[in-house]
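Let me begin by presenting the structure, written as structure tokens, before commenting on it.
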Amino acid sequence: MENNRYKLNKELAQMLKGGVIMDVTTPEQAKIAEAAGACAVMALERIPADIRAAGGVSRMSDPKMIKGIMDAVSIPVMAKCRIGHFAEAQILQAIEIDYIDESEVLSPADDVYHINKRNFDVPFVCGAKDLGEALRRISEGASMIRTKGEPGTGDIVQAVRHMRMMNSEIRRLQSMDEDELYNAAKVLQVPFDLVQYVHENGRIPVVNFAAGGVATPADAALMMQLGAEGVFVGSGIFKSGNPEKRASAIVKAVTNYSDAKMIAELSEDLGEAMVGINENEISLLMAERGK
Amino acid sequence: MVIGVLALQGDFAEHKQKLAECGAECFEIRQLKDLERKFDGLILPGGESTVIGKLLREIDLFEPLKKKITDGLPVLATCAGMILLAKNIENDNTVHFGTMDITVKRNAFGRQLGSFHTSSEMKYIGEVPMTFIRAPYITECSGAEILAETDGKIVASKQGNQIALAFHPELDECIKIYEYFLSLCSDD
């Protein structure tokens, strides 16, 4: 049996497309998320808004807590490790997690190197705020990309900025003459073959989700219309007044992201959205971690 | 010939790509008004069956699609799609369309580390590549015909015009399964 793990790992991300991946901290929340239509859950001890509030060093979650969530639901379970912390990633692989998020939400463990993700059998998703970051993570072995956004803020501005940046850089590569691609690879600091792939296909070679600051069905619809293939919702659900209803509304908004009439109905009576903080009110920009 | 592709969640775009390679026209089904268009076959894609099953009901597509399937509309269902068609799900109390007399087990090959690629002989079609992603398999096939097995597990079956596959032909280059499915759609 021939088995190309990397291909299989990219393919799992393809199955998640058009879906919503929700942050959960307990098996009960995981069940609520699954019932609300999450296509996967991200198991973590504290959601980004609380990580931000608590300060200090933020690490991989307790494996026991992650396993509790894996037992509670039938959908794929993801978990975060620190940037560059390959030992945390090895632990997550040992408990057979479905996807590892090498995440800037946690405190980086290595300020130079990301994890060599090609050494692993389990898939990795990584954050990116521009095409160069996305392609560098892919060359390190990431099989899925998400925008970094600004986690735990409920502020969509950074996710929008990152998605628009990637789109515009992709369009620029597409329009280039082949001779210009070598220099583009140099400027972007990425391997030539990935630049060539983007030039020919008009997209990155893995699935690309939106993440960081999604709080409402309208936010989700905005990111989908900007070209995201699905959405991560972190603090936006369980920091809101009515998590079940909001989660379910965001799931439907992602499926019918261009039907404004439906999204208008979905946006009614959702209770209080997470309060949120503006990007200029925060001192820590997580998106600046790990380039 | 026009094929409707259920596009609530999952890898429906890959199916559309394959249909285009076969020269078939297709469109996405995302809400009730999409069913106003006439179509000759239906694809239920891979994805998460919990999500697709829930959205089918909430977006009011469930009953009209179920009626079309029981009326004989040809269906090609892959992975999550197969779970939607099964009459019984071994490790889940939910039944979705339940239009095929098969019992399936979800995530039967394990978590993502258990995902694999292989190839196997398929009845009516011949040798085909098979990609299994957190895949289910069929544990009981009472009223349906077995089309393929791998490692002693039933991974493809057919009942009337319904074809259920535990794997993802939309992820491999071979289009033989689509050609066979399209031949069922043009019979009517």
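The values are calculated or read from the model by the stated rules, or taken from the named source; none is laboratory data. Since we're looking at a predicted model, the values are computed, not measured. Note that we place each Cβ from the backbone using ideal geometry, even for glycine, and neighbour counts take in every protein chain shown. Please note that ligands, DNA and RNA were not included when accessible areas were found on the heavy atoms of the full protein model with its side chains. Shrake-Rupley method; radii C 1.70, N 1.55, O 1.52, S 1.80 Å.
Before moving on, here are some points about what is shown:
- Here B:VAL95, B:VAL51, B:VAL2 are screened, and the one residue that is touching a residue at least 12 places away in the same chain (Cβ under 8 Å), more than 13 Å from the chain's Cα centre (by Cα) and surrounded by fewer than 24 Cβ atoms within 10 Å (Cβ to Cβ) is B:VAL2.
- Near pairs, Cβ below 7 angstrom, 6+ apart or cross-chain, from region B:8-33 (more than 13 Å from B:HIS168 (Cα to Cα)) to any residue that is open to solvent by 50 Å² or more (accessible area, probe 1.4 Å): B:CYS22/B:GLU179; B:ALA24/B:MET1; B:GLU25/B:MET1; B:CYS26/B:LYS16; B:PHE27/B:ARG37; B:LEU32/B:ASP60
- Scanning region A:234-272 for residues that are within 14 Å of another protein chain (Cβ to nearest Cβ) and among the β-branched types (Val, Ile, Thr) yields A:ILE250, A:VAL251, A:VAL254, A:THR255, A:ILE263.
- Residue match in region A:54-68 (condition: assigned to a loop (DSSP other than H, G, I, E, B), within 14 Å of chain B (Cβ to nearest Cβ) and not polar (S, T, N, Q)): no
- As for region B:85-100, it holds at least one residue that is closer than 22 Å to B:LYS18 by Cα and in contact with a helix residue (DSSP H, G or I) (Cβ under 9 Å, 6 or more places away or on another chain).
- Just one of the listed residues (A:MET176, A:MET165, A:MET224) is of a type outside the set (S, T, N, Q), surrounded by fewer than 23 Cβ atoms within 10 Å (Cβ to Cβ), farther than 27 Å from B:LEU56 by Cβ and within 18 Å of the chain's Cα centre (by Cα), and it is A:MET165.
- Members of region B:91-128 that are within 12 Å of chain A (Cβ to nearest Cβ) and either at positive phi or assigned to a loop (DSSP other than H, G, I, E, B) (or both): B:ASN91, B:ASP92, B:ASN93, B:THR94, B:ARG106, B:ASN107, B:ALA108, B:PHE109, B:GLY110, B:ARG111, B:SER115
- Note on region A:71-110: residues that are without any contact (Cβ under 8 Å) to a residue 60 or more places away in the chain, assigned to a loop (DSSP other than H, G, I, E, B) and within 13 Å of chain B (Cβ to nearest Cβ) amount to 6.
- Residue in region A:143-150 that is open to solvent by less than 30 Å² (accessible area, probe 1.4 Å) and part of a helix (DSSP H, G or I) present: no
- Of all residues in region B:138-183 being open to solvent by less than 50 Å² (accessible area, probe 1.4 Å) and modelled with pLDDT under 95, the one that is nearest to the other protein chains (Cβ to nearest Cβ): B:CYS141
- Condition met for A:ALA185 (in a helix (DSSP H, G or I), over 16 Å from A:GLY18 (Cβ atoms) and open to solvent by less than 20 Å² (accessible area, probe 1.4 Å)): yes
- Selection from region B:151-173 of residues that are in contact (Cβ under 8 Å) with a residue 60 or more places away in the chain, more than 10 Å from the chain's Cα centre (by Cα) and assigned to a loop (DSSP other than H, G, I, E, B): B:GLY160, B:ASN161
- Some residue of region A:194-213 being in a loop (DSSP other than H, G, I, E, B), within 21 Å of the chain's Cα centre (by Cα) and at pLDDT below 95: yes
- Condition check for B:VAL5: outside any loop (DSSP other than H, G, I, E, B), within 13 Å of chain A (Cβ to nearest Cβ) and in contact with a Gly (Cβ under 7 Å, 6 or more places away or on another chain): no
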